[in-house]
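Participant: Sharing a structure, written as structure tokens. Questions coming.
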Amino acid sequence: MADKSKPRMSTIYLYVPNIIGYIRVLMNCVAFALCFSHKGLFSVLYFVSFVCDGIDGWFARKLNQVSTFGAVLDMVTDRISTACLLVILSQIYRPSLIFLSLLALDIASHWFQMYSTFLTGKTSHKDVKDSSSWLFRLYYGNRMFMAFCCVSCEVLYIIFFLLAKNQSEDFLDVLVSSTKQSLALFLLEVLVLFGWAVKQTVNIIQLKTAADACVLHDINRKQKP
């Protein structure tokens, strides 16, 4: 006899935060399909999709609909959407290695973090209370600070995308000239550059910490009789 207290698979798939996740995926598909023909619309859809990442988390906690599937859906959507934008920027700007390196760091650090989370038996990749890095703990321990860094990162990439006039631009030239266009744009770039820099630093710390956890797991496994 089935346990009626347990939610069915279809119920979890239809959780409100997961439905928001599906909408995010659709928005990103439309956004990238229009990215070169309608830059403004792309930027709006991409940013709204990213904001929805915070909204679905709020609904998950409010409605008690937190799920592993939802968490994975969120992370995969975030990583793929950011990766797609970084690939586009790598095709627009020279040197392209800048954006491809950021893409590699983003994927590698999150993959290692997720894998090390399972190895250590933690329920969330955001559980870093035992980390020796105060910045790492602050990033994952303070939702507002993490949101600021994540939004800053995406806003910076959107700015770079909107600033490009041609299919082949020198990144440093565009960056320098953009600071001279208006005081408001300059101040916005400074603000989001700070958040972006913190997020990349956290990615590096996350990669090293997770790699250490994987190596420690190997050492402990080999020491077992």
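The values are calculated or read from the model by the stated rules, or taken from the named source; none is laboratory data. This is a predicted model, so every value here is computed, not measured. A quick note on method: Cβ atoms are made from the backbone with ideal geometry, for glycine too, and the neighbour counts reach across all protein chains shown. Side chains included, ligands, DNA and RNA excluded: accessible areas come from the protein's heavy atoms. Shrake-Rupley method; radii C 1.70, N 1.55, O 1.52, S 1.80 Å.
Participant: Could you calculate the FRET efficiency of residue 137 with residue 16 from 1/(1 + (r/R0)^6), where r is the beta carbon distance between them and R0 is 25 Å, rounded to 0.05?
Facilitator: The value I calculate is 0.25.
Participant: Go ahead and estimate [θ] at 222 nm for the chain from helices alone: -39,500 (n - 2.57) per DSSP H run with n ≥ 4, summed, over the residue count, rounded to 500.
Facilitator: -26500 deg cm²/dmol
Participant: Here is a further query. Helix 16-33 versus the longest principal axis of the chain: what is the Cα-based angle in degrees, 0 to 90, to the nearest 10?
Facilitator: Between helix and principal axis, roughly 30 degrees.
Participant: Can you pick out the pairs among 129/180; 62/224; 122/199; 62/122; 129/224; 6/224 whose Cα atoms lie more than 32 Å from each other?
Facilitator: Too far apart for the 32 Å limit: 129/180; 62/224; 6/224.
Participant: Using only alpha carbon positions, build the gyration tensor of the range 112-225, then give the equivalent ellipsoid semi-axes as the square roots of 5 times its eigenvalues, largest first, whole angstrom.
Facilitator: 38, 16, 10
Participant: Related question: Which net charge results when you count Lys and Arg as +1 and Asp and Glu as -1 among the other residues whose beta-carbon is under 13 Å from that of residue 142? All intermediate terms of the calculation are to be shown ahead of the outcome.
Facilitator: Numbers: positive: 126, 129, 137, 143; negative: none.
Net of charged neighbours comes to +4.
Participant: Starting from the Cα of residue 47, step 7 Å along the direction of its Cβ; do the same at residue 105; then give the gap between the two resulting points in nm.
Facilitator: 2.4
Participant: Going by the alpha-carbon gyration tensor, a ≥ b ≥ c the square roots of its eigenvalues, is the chain rounded (a/c under 1.5) or, if a/c is not under 1.5, prolate (a/b greater than b/c) versus oblate?
Facilitator: Here the chain falls in the oblate category.
Participant: Expressed as a whole percentage, what fraction of the accessible surface of the chain belongs to carbon and sulfur atoms when a 1.4 Å probe is rolled over the protein heavy atoms? Show your work: numbers first, answer last.
Facilitator: Working: 9200 of 13270 Å².
Roughly 69 percent of what the probe reaches on the chain is carbon or sulfur.
Participant: Right, another one. Given R₀ = 22 Å, what would the calculated FRET efficiency be for residue 66 paired with residue 26, taking r from the Cβ atoms and rounding to 0.05?
Facilitator: 0.45
Participant: Note down the net charge around residue 160, summing +1 for each Lys or Arg and -1 for each Asp or Glu among other residues with Cβ under 14 Å from its Cβ.
Facilitator: -2
Participant: Residues of the chain: accessible area per residue at 1.4 Å, in Å²?
Facilitator: Per-residue accessible area for the chain comes out at 59 Å².
Participant: Still on this structure, please answer the following. Magnitude of the Cβ-charge dipole of the range 39-192, K/R +1 and D/E -1, about the Cα centre, nearest 20 debye?
Facilitator: Numbers: 12 positive and 12 negative charges, 60 e Å.
Dipole of the range 39-192, to the nearest 20 debye: 280 debye.
Participant: Enumerate the amide H contacts of residue 93 below 5 Å, restricted to partners 5 or more residues apart or on another chain; note that Pro and chain-start residues carry no placed amide H.
Facilitator: 169
Participant: Give me the distance in nm between label points sitting 7 Å out from Cα along the Cα-to-Cβ direction at residue 181 and residue 129, one decimal.
Facilitator: So the two model labels end up 4.5 nm from each other.
Participant: Can you give the extra length, in nm with one decimal, that the chain gains between residue 34 and residue 91 once fully stretched, where that is 0.36 nm per residue apart less the Cα-Cα distance? Mind showing how you got there, number by number?
Facilitator: Numbers: separation 57, 0.36 × 57 = 20.52 nm, distance 1.61 nm.
Gain on stretching residue 34 to residue 91: 18.9 nm.
Participant: Given the peptides 14-20, 119-125, arrange them by the average over their residues of other C-beta atoms within 10 Å, most packed first.
Facilitator: 14-20, 119-125
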